[in-house]
Structures are given as C-alpha cells and as structure tokens.
Amino acid sequence: MISRFKWYAIRFPCTVAEAFQKLESYRYDPTQATGFVVDTSDSSFQFFWTAPIFATIIDSDGVSNRNEIFSVSSQQAHILGTDRLVMRMQDPPRSSRELLNSLEKLLGFGFTCEKITLTDALIRKSIESFHSVTLNSIKISGTIPSMSAIARVELASKTGIEIDKIDNFQLEGMIVDSASYTAKYKGLSGSVGFTRSGMCKISGDLGPLIQSNIEKNLLSLASADSKH
C-alpha cells in the first residue's frame, strides 16, 4: 500500500493545547459545512468539509433536471514537534485551501503555514542507514553554459542508477526535481519517492521507519533554522 504525505512548517499564535481547544470549539456536526474532530492524545485532528456536486437526472419523458448535492470530504493532520512545529498530511487532496482557510479563521493573526520543499539530500539522509539503497528513477534540471541552454534529464532503471555517474551530465546549478529509491534492511524493503513540490510517496515494510526518519530530519532542520 502506497501512502502519500505532505509536510508544512506551521506556527500557532498560541500553544498547541490552546490551538486544539479552539478547534474543538468548532467541532464538526453534519448540519455544518465545515468542522473539526480533535484527538489531543495523538496530537492530531480531522477536518471535514462539504463540496457541491451537480448531477443531471433524466426522467422517463427524457426531460433533464440539474440537481445540486453535497459530498463530505475529510483530511487527517498530525502536529509534530514542540518548539518548531510541522504539520503532516497523509493522502492530501489536490487543494488544502478549505483546511488552511479554516485554521487561519479560527486561530487568527499569527497563524502561518508554509509547504515544505523536499530535497534529495534530505531523503537520502533519511535512508542512508539501511543496508542497501537503490536509486530507481530521477529527474534533474540545470544549465549548460557552453550552449546557453537549460537541460532536463529523466532517468529510470530496473537495476538501479549509480548516483555518482549523474555528475557526468555536468549540469551547472543542478536540481533534483524528483527521485525514487528502494531501501532494504534485514530482509525487509521499502520505497520512497518525492517531488520538489512537497509530495512524498512511501510504501513497503520499511515505510513507517522511512517516514519516521524523514520527520526526524524535518524537525531537526526546523530546529536548526530557528537558531539562525
């Protein structure tokens, strides 16, 4: 099973406990368009919102009627950290606008939320402790000054790509736009793929450990940034 994750660097204008109290006061009810269900023991909450869907119904006479119905969607989020906070969203929707707008409305001035851009260095650091790490695919971009050109390269291999040989493309300012890895440890395996847009896909027996390592590194970076 593949799980998708996005992480956000957030800041509350109050303590986490006080923020959860504010969310709890806006507890979801089926009669409301939006609302929250808070689980303080897990430092998490679930956000519910409704969205209209338009359906066309054709009767036995062939007359069509356009009706509006509402569907209910939900998003689970976990708050990680203490001093510097990171919000994890698992299997996020295409747009988190409804959730972020509701958080801003409830928490007020001082609430900030910024999507975290994932880097190849962070992902590799999170899986370097495993016995075997294989690069399966990678997309890179950079410039070729001698040609005054921008290059985009996409590589994929069933047997693995040697990371050191990527430097042979001699791209200046090279950026890893996306990559996927397979890790193995004591007979167990797991896969992780990411894009710079912040989406991360994790699967396999090692999935929970890979996720934990990534989040530890994200919190370490957030802590280090707070000291500068």
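Given the structure, is residue 160 assigned to a strand (DSSP E or B), surrounded by 11 or more Cβ atoms within 10 Å (Cβ to Cβ) and not assigned by TED's automatic domain parsing to the domain that holds residue 81? Quick ask: steps written out before the conclusion?
Details: assigned to a strand (DSSP E or B): yes; surrounded by 11 or more Cβ atoms within 10 Å (Cβ to Cβ): yes; not assigned by TED's automatic domain parsing to the domain that holds residue 81: yes.
Considered against the rule, which asks whether it is assigned to a strand (DSSP E or B), surrounded by 11 or more Cβ atoms within 10 Å (Cβ to Cβ) and not assigned by TED's automatic domain parsing to the domain that holds residue 81, residue 160 comes out as yes.
If residue 191 meets every condition in (1) over 15 Å from the mean Cα position of the chain (by Cα); (2) among the hydroxyl-bearing types (Ser, Thr, Tyr); (3) modelled with pLDDT of 95 or more; (4) more than 30 Å from residue 152 (Cβ to Cβ) apart from one, which number is that one?
All conditions are met except number (4).
Just to check your reading of the model, which residue among 221, 135 is in contact (Cβ under 8 Å) with a residue 12 or more places away in the chain and assigned to a helix (DSSP H, G or I)? Steps first, please.
Details: 135 fails: assigned to a helix (DSSP H, G or I).
Of 221, 135, the one residue that is in contact (Cβ under 8 Å) with a residue 12 or more places away in the chain and assigned to a helix (DSSP H, G or I) is 221.
Of the numbered conditions (1) assigned to a loop (DSSP other than H, G, I, E, B); (2) small (Gly, Ala, Ser); (3) modelled with pLDDT of 90 or more, residue 197 fails exactly one; give the number of that condition.
Of everything listed in (1) assigned to a loop (DSSP other than H, G, I, E, B); (2) small (Gly, Ala, Ser); (3) modelled with pLDDT of 90 or more, residue 197 misses just condition (3).
Would you confirm whether or not the stretch 38-48 contains a residue that is of a type in the set (A, V, I, L, M) and out of contact with any Leu (no Cβ under 8 Å at 6 or more places or on another chain)?
Of the stretch 38-48, the ones of a type in the set (A, V, I, L, M) are 38.
Subsequent filtering for residues that are out of contact with any Leu (no Cβ under 8 Å at 6 or more places or on another chain) retains none.
No: zero hits.
May I ask you to list pairs of residues, at least six apart or on different chains, whose Cβ atoms are under 6 Å apart, with the first in the stretch 82-106 being touching a residue at least 60 places away in the same chain (Cβ under 8 Å) and in the same structural domain as residue 19 (by TED's automatic domain parsing) and the second being aromatic (Phe, Trp, Tyr) and surrounded by 19 or more Cβ atoms within 10 Å (Cβ to Cβ)?
Final answer for the pair search is 86/7; 87/8; 88/7; 90/5; 98/49.
Let's see how each residue does on (1) over 19 Å from residue 215 (Cβ atoms); (2) in contact with a Gly (Cβ under 7 Å, 6 or more places away or on another chain); (3) assigned by TED's automatic domain parsing to the domain that holds residue 78; (4) part of a helix (DSSP H, G or I):
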residue: 14; (1), (2), (3), (4): yes, no, yes, no
residue: 22; (1), (2), (3), (4): yes, no, yes, yes
residue: 29; (1), (2), (3), (4): yes, yes, yes, no
residue: 35; (1), (2), (3), (4): yes, no, yes, no
residue: 45; (1), (2), (3), (4): no, no, yes, no
residue: 52; (1), (2), (3), (4): yes, no, yes, no
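Considering 112, 119, which residue is within 30 Å of residue 140 (Cα to Cα), modelled with pLDDT of 90 or more and either in contact with an Asp or Glu (Cβ under 9 Å, 6 or more places away or on another chain) or of a type in the set (Val, Ile, Thr) (or both)?
Working: 112 fails: within 30 Å of residue 140 (Cα to Cα).
Criteria check complete, one pass: 119.
With the structure loaded, tell me whether residue 155 is surrounded by 14 or more Cβ atoms within 10 Å (Cβ to Cβ) and either part of a loop (DSSP other than H, G, I, E, B) or assigned by TED's automatic domain parsing to the domain that holds residue 28 (or both) or whether it fails that test. It would help to see each step written out before you state the result.
Working: surrounded by 14 or more Cβ atoms within 10 Å (Cβ to Cβ): yes; either part of a loop (DSSP other than H, G, I, E, B) or assigned by TED's automatic domain parsing to the domain that holds residue 28 (or both): no.
Here the answer is no, as residue 155 does not meet what is asked.
The values are calculated or read from the model by the stated rules, or taken from the named source; none is laboratory data. Just so we're clear, the structure is a prediction, and the values are computed from it rather than from any experiment. Backbone-built Cβ (ideal geometry, glycine too); neighbour counts: all protein chains shown.
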